[in-house]
Amino acid sequence: MSDRRGFTLVELLVSLAILSVALAVLFGAISSSLDRTRKERDEASATSLVQSLLARGSAGEQAGEAPTRTAIVGGSPSHLTAQATTPRRATS
């Protein structure tokens, strides 16, 4: 009998296949978690924006200023900015 040490090719291929399946499952779970986290962050950002706009509008009304219209401009939810404009008076 020969006294060989090491692994056969079949054993290495099987272990590589098991490892690749485990990594695929892990990457899928991480990707799903990151998407959910990104969505929650965007929702929190939008909620914060709305609350600050509402607070800004109510502060102006309490000070006796003319009500303002707020236009939300920007590309994506994470890059929204608010611009307040004073409404124009109709001329007759």
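Points worth noting:
- Site pair residue 29 and residue 3 shows an inter-label distance of 4.4 nm when each label is modelled 7 Å from Cα along Cα→Cβ.
- Scoring 37-45, 5-13 by mean Cβ neighbours within 10 Å over their residues and listing the highest first yields 37-45, 5-13.
- Estimated inter-spin distance, residue 37 and residue 54, nm [label 7 Å along Cα→Cβ]: 2.9 nm
- Dimensions in Å of segment 10-56 - Rg and Dmax from alpha carbons: 20.5, 69
Here, each number is a calculation from the coordinates, and none is a lab measurement. Not measured: the values here are computed from a predicted model. Note: ideal-geometry Cβ built from the backbone for every residue, glycine included; neighbour counts use all protein chains shown.
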